[in-house]
Amino acid sequence: MPIYEYIAATSRSCPRCSAGFESLQRLSDQPLQVCPHCGAPVSQRISAPNVVAGNSHRTSEGHLEKHGFTQYRKVGKGVYEKTAGKGPSHIADDGL
């Protein structure tokens with residue numbers, strides 16, 4: 001479920017909606033029309049999406065092994081070397 005941002009549409013508002021607030025809603029839900037706290041009209045604010053940068057989104061090898069996964073890294077044409085988990089230390093394509 002996405003988090004939508006709302007801000008007061010008029011000067012008649014409470015401190016919560018005049019500064020803006022977030023609401024966790026289903027995609028199928030209608031946008032809020034009024035502040036749930038004070039009833040003042042609100043409008044949905046466009047916000048920047050969350051973007052993952054760098055390699056921080058990759059799962060660590062220790063985490064993979066802890067949860068029972070095996071990870072291999074390509075070291076040559078048809079040859080893979082184990083980096084985490086249980087299993088054979090190398091996997092090679094025998095040309096079959």
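The values are calculated or read from the model by the stated rules, or taken from the named source; none is laboratory data. What you are looking at is a predicted structure, and each value in this text was computed from that prediction instead of being measured. Glycine also receives a Cβ, built like all others from the backbone with ideal geometry; neighbour counts cover every protein chain displayed.
Side notes on the structure shown:
- The sole residue among SER47, SER43 that is at pLDDT 90 or above and either closer than 18 Å to ILE3 by Cβ or assigned to a strand (DSSP E or B) (or both) is SER43.
- Top-ranked residue of the range 1-21 - restricted to ones that are surrounded by 12 or more Cβ atoms within 10 Å (Cβ to Cβ) and assigned to a strand (DSSP E or B), ranked as farthest from the chain's Cα centre (by Cα): ALA8
- Counted residues, the range 1-30 - those being hydroxyl-bearing (Ser, Thr, Tyr) and over 12 Å from ARG45 (Cβ atoms): 5
- Leading residue by the ranking (farthest from ARG12 (Cα to Cα)) among those in the range 54-96 that are of a type in the set (A, V, I, L, M) and modelled with pLDDT of 70 or more: ALA92
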